Amino acid sequence: MIAMARIDDRLVHGQVLVGCCGPLRATRVLLVNDRVAGDEFEASCYDAAVPPGLRLEVLAVSAAAARVAELAAVPAERCVVVVGDPGDMLRLVESGAPLDEVVLGGLHHRAGRDETWPGVYASAPEREQLRALLAHGVELVVQAVPGAPRHAPGEGLGGARP
Amino acid sequence: MRALIVSHGQLAAELLASARSICALDAPVEALSNEGHGPDELRAAIQAWIEAAPGDALVLVDAGGGSCGIAARLAVARCGRPDVRVLGGANLPMVLALLSSLGELDPSALVEKLLARARGDVADLGGGALT
């Protein structure tokens, strides 16, 4: 099953490994990112961070939708899917990844981004990509980690979903 | 030789300030927080620090597997600087040893000492009721 699909520009880090995988009893983390999938050294850095009992897979966006579908059908697997930005998450959904809910867990400040929700930054194109996710029927939640307050996108994306 | 401590929040700055208040030693050590930095910006900031001067340098991070540790490892790799080492698990004993030994030991000996000091203080100190 897919325990969580998360947008986090820090990809796999403590908040994901401890803050999310722990409470979700995750067995696997699927890191979906074209750059990391193509860089053995960078992939190894993330792999080194994963604690025993948790497995990390790194896939390019184009290959990930099929793998998400496979893992979604295995009840014994509790998979956390991590994507670095709304654009890649939209590509993943448009490629057929069966995701009902996407958690916007971490988008940090950088040039071009505005604080769209408290502590969560997004650019205008990224907000458009998030609206497109909603249009695909994906439930979008703004939440740092499981157990933290959950917020609907609400005003940050201009109100009610289409 | 110089050093940079990279951490979440203000941990790096507070570790450095605390260590300096304990041993009153000045050494070329700076602190960097990941606050306000996305992963690419943090990596770039560390890379800029590395490239600011030649020669041996150390980057200490709070957690090797966290965003600071990964950013540091990637920054060093991108700089192509084998004279820069990254140490994870920065704690007060490590930073105290850093301040007291930076410039006194060769890089390998310094790394060995910092790791030993950091690990050595991780211990069960006992406790329980007085008898």
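The values are calculated or read from the model by the stated rules, or taken from the named source; none is laboratory data. Not measured: the values here are computed from a predicted model. Note that each Cβ is placed from the backbone with ideal geometry, even for glycine, and that neighbours are counted across all protein chains shown.
For the range B:74-116, enumerate the residues that are more than 29 Å from residue A:41 (Cα to Cα) and under 14 Å from the mean Cα position of the chain (by Cα).
Of all residues in the range B:74-116, those more than 29 Å from residue A:41 (Cα to Cα) come to B:92-93, B:96-97, B:99-105.
Scanning the range B:74-116 gives B:92, B:93, B:96, B:97, B:99, B:100, B:101, B:102.
Looking only at the range A:106-125, count how many residues are in contact with a strand residue (DSSP E or B) (Cβ under 6 Å, 6 or more places away or on another chain) and over 19 Å from residue A:20 (Cβ atoms).
The qualifying residues number 6.
Yes or no: the range A:111-129 includes at least one residue that is without any contact (Cβ under 8 Å) to a residue 60 or more places away in the chain, charged (D, E, K, R), within 14 Å of another protein chain (Cβ to nearest Cβ) and part of a loop (DSSP other than H, G, I, E, B).
yes
Listed here are the residues, each with its yes/no results for (1) at pLDDT below 95; (2) within 23 Å of residue A:99 (Cβ to Cβ).
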site	(1), (2)
A:15	yes, yes
A:22	yes, yes
A:26	no, yes
A:34	no, yes
A:43	no, yes
A:48	yes, no
A:51	yes, no
